[in-house]
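Worksheet for the structure shown next.
The values are calculated or read from the model by the stated rules, or taken from the named source; none is laboratory data. Just so we're clear, the structure is a prediction, and the values are computed from it rather than from any experiment. Reconstructed Cβ throughout: ideal geometry from the backbone, glycine too, with neighbour counts over all protein chains shown.
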Amino acid sequence: MNVLLLGSGGREHALAWKLAQSPRLGKLFAAPGNPGIADHARLVDLDAADHRAVVDFCRREAIELIVIGPEAPLVDGLADNLRTMGYAVFGPNKVPAQLEGSKGFTKDLCARHGIPTARYVRASDRLAAEAALPEFSLPVVIKADGLAAGKGVIIAETEREALGALDAMFEGGFGGAGASVVIEEYMTGEEVSFFVLTDGKAVVALGSAQDHKRVGDGDTGPNTGGMGAYSPASILTPDLEARVLDEIVRPTVAALAERGSPYSGVLFAGLMLTESGPKLIEYNARFGDPECQVLMMRLDSDLLELLDAVARGRLAESEAPRLRKEAALTLVMAANGYPGVPEKGGAITGLEVAEASGAKIFHAGTALQDGRLVANGGRVLNVTAVGREVAAARAAAYAAAAQIDFDTGFYRGDIGWREIERLEGKSPG
Ligand code: AMP
Ligand code: GLY
């Protein structure tokens, strides 16, 4: 089967690496891809925003499955157009992708179907938003409705901060994403990510993970796309996972199918485990990055079979995904300056030595310059390893990272700390 994979990050490198292990794979193309993905796929210069060009490419190369990695093309309706042309696509259509594309869409769906989430108010102008503020105690959470690359959420500790956040959003600080806001109750608890595959009918669990969003050790400093992750997250016990499926994920998938816009792809639920049970923070319509990297390291099943079954609506008939019991952990090497303006062009060496111990290095933001590997983005490499439990995976990942020379980069020293403290019997701070 010939496959086209869209995207260029560490998530897509992990997907390409796993797809390449499938005996059913014919040719794998990636657009635009990256130097790591080039080990498994032919890189093509295709703009995912140019739907016509993507369709033409698929026809020319006899593509049988298109895997869409990032959210932007999904929210933009690329999957709809490909499906209309008869292609099998992994990734939801435009309307169901609103689960990620519009926070208000998701909140309204939760409200209609009794899905546990933070209490909220939607507002599409400054006045209405300000009028709703007294309904919430502090801290209060203010979110831009649309896609804001992880930057559209402000947790305001004071009324002044809340008003400032509303100003920023309605004055266009978040582009179109802030034309409408969601104000919601602040929830406390531990966060966990949960992934399912669904073709709109069947729902199968793919596993849990925990991300590290802050740039600095001890969860300090500004938010990032994610500085590291591990899987599984033991805090999501089998009982809690069953509740998440019954109370949150299945009702969501059923609601979208009922309204005639079934969700097909991977559904990524960001959850808060509160005292009164698991609650939805947000959905994403794609794999998490770097969560995907640890899930792929644990997946024993044929990824191509799974993605193809989802794309063709045959998930119920296919074998459920098998995940290794071992833990996987990935740490993100970022370029100095990230999450602000990252330094580009820094030399990277030592990857072969780092991989010799069995670790896997996924490329997230690299480029080749005169045959040399250099940094070309904020998040640059994902150093990933498996181990019997998370402490062993962590030791292996950090040992591999120590072999890499990347003078203009940095990484957190404490990825996995919550899980390790939990397993050691201490309560995380
Ligand atoms: P989101 O982009 O919706 O995932 O929000 C980003 C981060 O903001 C989440 O990972 C949480 O850490 C935090 N957050 C979002 N909504 C809430 C909420 N209602 N209560 C507490 N924290 C939240
Ligand atoms: N790592 C979080 C995300 O992919 O949204």
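Brief remarks follow.
- Count of the range 222-242 residues which are part of a strand (DSSP E or B) and either more than 16 Å from ligand 2 (Cβ to nearest atom) or under 17 Å from GLY270 (Cβ atoms) (or both): 5
- Strands (runs of 3 or more DSSP E) enclosed by the range 92-181 - at least 3 residues per element that are among the β-branched types (Val, Ile, Thr): 140-144, 153-156
- Any chance ILE115 is within 21 Å of PRO339 (Cα to Cα) and either surrounded by fewer than 22 Cβ atoms within 10 Å (Cβ to Cβ) or free of Cβ contacts under 8 Å to residues at least 24 places away in the same chain (or both): no
- Qualifying residue in the range 326-342 (condition: farther than 23 Å from GLY9 by Cα, surrounded by 13 or more Cβ atoms within 10 Å (Cβ to Cβ) and out of contact with any strand residue (DSSP E or B) (no Cβ under 9 Å at 6 or more places or on another chain)): no
- Test result for VAL196, within 16 Å of ligand 2 (Cβ to nearest atom) and at pLDDT 90 or above: yes
- Subset of the range 375-429 (residues that are surrounded by fewer than 16 Cβ atoms within 10 Å (Cβ to Cβ) and part of a helix (DSSP H, G or I)): ALA392, ALA395, ALA399, GLU421, LEU423
- LEU127 among the hydrophobic types (A, V, I, L, M, F, W, C) and crowded, with 19+ Cβ neighbours inside 10 Å: no
- In the set (1) closer than 30 Å to ALA30 by Cβ; (2) among the small types (Gly, Ala, Ser); (3) within 13 Å of ligand 1 (Cβ to nearest atom), GLY69 fails one condition alone, (3).
- Residue within the range 204-211 that is in a loop (DSSP other than H, G, I, E, B) and either crowded, with 21+ Cβ neighbours inside 10 Å or in contact with a Phe, Trp or Tyr (Cβ under 9 Å, 6 or more places away or on another chain) (or both) present: no
- When PRO35 is tested against (1) surrounded by fewer than 19 Cβ atoms within 10 Å (Cβ to Cβ); (2) outside any loop (DSSP other than H, G, I, E, B), exactly one condition is not met: (2).
- Condition met for LEU256 (within 15 Å of ligand 1 (Cβ to nearest atom) and on the phi < 0 side of the Ramachandran plot): no
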